[in-house]
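Coordinate-derived values only; no laboratory data. Because the structure is a prediction, the values reported are computed rather than measured. Virtual Cβ from ideal backbone geometry, glycine too; neighbours counted across all protein chains shown.
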Amino acid sequence: ADASQFQQIKEDAKAADCFAWYDPLQPNEVSSVLDLQPPADADAAFQRADYPPQLLTPFQSSGALYGLPYMVTFRVLIYNQTLFDNAGLHIPDESWSPDEFLAAAQKLTNKEKGDYGFASVRNMRDDLLFFLDQFGAQVVQNSGGLPQPNFTDPEVVQAGHFFVDLLRNTSPHQHMESYSTDSQTTQVGSQSALQGHVARWFDFGSLGSRFYNTAGLNTHTASPPFGAHGISPHDVELNGLYISATTPHPEACWTWLNYLSKDVRSFDGTFPARSSVANSEAFAQISSPDMASVHRSYREKLAASPPNGANASFWNSGIEFYWFYQAIDRALGGEPLEQALAVAQQRTRDHLACVRSGGKPRACALDVDPSYKGFLGD
């Protein structure tokens, strides 16, 4: 976690006896909270088996339990049923390979009408990471015990070509977004979707589909096309419940945490981490058939095999991915992708070497690339 997040967790733990946080805590953050294993062991009513192991594990370390999984939000694929019907295609299938996903996007695209088979509505960098995971493409590798960019790896290049083809030929996008001061997020994807001109896009939870249906569209929610590589940690967002290490009321907090984890009114647009609540009739009444199917699919896949860990260290690698995203952007503009990725890899390696030698992150970026327009600070 970055310094600002670490400081915020410390402040929350000081200000509240118990609190919720949107991620499992990192090792340098757990000193702010209590180990919940002792109260869990002392509570005869507490059932560890009510939590799927894949959701509980991120909160455990060296025999300690530093939080309880609370809400879980899954990556979903929202699709416009009307555009699928017009194209004569069956609804998205979670077993689709990337090639099948691209082929369907091509059939759903009619640029003369302004219709597209895909758009990035929520976060284009996150959409790219999804497809990298689906190709098993490892963007970061360890070398000498330290993370290094792996941008020229054949699987990364293959995934990059796929994403460039998807955006260039089946979406309203012309650039990679949100990686630099010159590439801020546009509204072209969401506006096109809202106008009924996009067949599919990714989101998390069920609120997105509900919003588009309220706007008069016939949208539904399905599981993403996981293909052969399955679910990755980037497809699951976890929210946890914690007890402050300094609270004088640990017993009351434990009771409160258990109550919250069972209260179905808390889970609008998300899922309860507890299986008994997620499978309850009370939760079924506030969920939808689409989301019930998504939930069932995720639970079955998570129980059947461990998550795809190809890019598990992506966000915690300490690597500045500005040049990687820039390579995708340049390929969208017509530059050979292999050439752009080779330049990106060298600049990223040079930047890491500078920072690891004691240089300031932004100063190093400007030394490596005087035209750098990323968001690093010193």
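Region 124-149 and region 351-378 have Cα centres lying 21 Å from one another.
What is the dipole size for the chain, taken about its Cα centre, with +1 at each Lys and Arg Cβ and -1 at each Asp and Glu Cβ, in debye to the nearest 20? Numbers along the way, then the final one.
Values: 25 positive and 42 negative charges, 49 e Å.
Approximately 240 debye in magnitude.
Within a straight-line Cα-Cα reach of under 28 Å, residue 301 can be paired with the following lysines, leaving aside sequence neighbours fewer than 8 residues apart in one chain: 262.
Where does the chain land at 222 nm, in deg cm²/dmol rounded to the nearest 500, when only DSSP H runs of n ≥ 4 count, each adding -39500 (n - 2.57), divided by all residues? Before the final figure, lay out the partial values.
On the way: 16 runs with 160 residues, N = 378.
One gets -12500 deg cm²/dmol as the mean residue ellipticity at 222 nm.
Using only the Cα atoms of region 209-360, build the gyration tensor, take square roots of its eigenvalues as a ≥ b ≥ c, and label the shape rounded, prolate or oblate: rounded if a/c is under 1.5, else prolate if a/b is larger than b/c, else oblate. Because a/c hits 1.5 or more and a/b fails to exceed b/c, region 209-360 counts as oblate. Note on residue 229 and residue 286: their simple-model spin labels are 3.5 nm apart, each label 7 Å out from Cα toward Cβ.
If only the Cβ of Lys and Arg carry +1 and only the Cβ of Asp and Glu carry -1, the dipole of region 152-295 around its Cα centre is close to 340 debye.
Please list the three semi-axes, largest first and in whole Å, of the ellipsoid equivalent to the chain, using sqrt of 5 times the eigenvalues of its alpha carbon gyration tensor. Let's see the in-between values first.
On the way: eigenvalues 251, 177, 60 Å².
Whole-Å semi-axes of the equivalent ellipsoid: 35, 30, 17.
Excluding same-chain neighbours fewer than eight residues apart, the aspartates and glutamates reachable from residue 373 by a Cα-Cα span under 16 Å are 177, 182, 320, 329. Anyone know which of 118, 59, 46 comes out most mobile in the 10 Å Cα GNM of the chain? Ranking 118, 59, 46 by mean-square fluctuation puts 46 first. Would you work out if region 232-315 is rounded, prolate or oblate? Take a ≥ b ≥ c from the square roots of the eigenvalues of the alpha-carbon gyration tensor; rounded if a/c is under 1.5, else prolate when a/b is larger than b/c, oblate otherwise. In terms of gyration-tensor shape, oblate.
Between residue 215 and residue 89, what FRET efficiency comes out of the Förster formula 1/(1 + (r/R0)^6) with R0 = 22 Å and r the beta carbon distance, rounded to 0.05? Step by step, r from the Cβ atoms, then E = 0.45.
In a simple Cβ point-charge model (Lys, Arg +1; Asp, Glu -1; nothing else charged), region 1-124 has a dipole of about 320 debye relative to its Cα centre. Going by the alpha-carbon gyration tensor, a ≥ b ≥ c the square roots of its eigenvalues, is region 183-225 rounded (a/c under 1.5) or, if a/c is not under 1.5, prolate (a/b greater than b/c) versus oblate? It is oblate, given that a/c is not under 1.5 and a/b is not larger than b/c. Which of 88, 309, 136 moves the most in a Gaussian network model of the chain with Cα springs under 10 Å? Result for the chain, Cα springs under 10 Å: 88 fluctuates most.
The modelled label-to-label distance between residue 266 and residue 207, using points 7 Å beyond Cα along the C-beta direction, is 1.6 nm. Taking the dipole about the Cα centre of the chain, with the C-beta of Lys and Arg at +1 and of Asp and Glu at -1, give me whichever of 313, 246, 166 is farthest to the positive side. Projecting each Cα onto the dipole axis, the largest value belongs to 166.
At a Förster distance of 41 Å, what's the computed FRET efficiency of residue 62 paired with residue 113, Cβ-Cβ distance as r, to 0.05? Display every interim value, and only then the final one.
On the way: r = 58 Å, r/R0 = 1.41.
Taking R0 as 41 Å, the efficiency between residue 62 and residue 113 is 0.10.
Counting only DSSP beta bridges with both residues in the chain, the antiparallel share comes to about 95 percent. Cut-off 10 angstrom, C-alpha nodes, Gaussian network model of the chain. Which of 87, 363, 42 fluctuates the most? Fluctuation is largest for 42. Contact order for region 74-233, expressed relative to its length and based on alpha carbon pairs under 8 Å spaced 6+ residues apart, stands at 44 percent. Peptides 320-331, 91-102 ranked from most to least packed by the mean count of surrounding Cβ atoms within 10 Å: 320-331, 91-102. The length gained by stretching the chain between residue 41 and residue 252 to full extension, at 0.36 nm per residue less their Cα-Cα distance, is 74.4 nm. Among beta bridges from DSSP that stay inside region 74-233, the antiparallel ones total about 95%.
Normalised by the number of residues in the chain, what is the relative contact order in percent for Cα pairs under 8 Å and 6+ residues apart?
Rounded, it is 27 percent for the chain.
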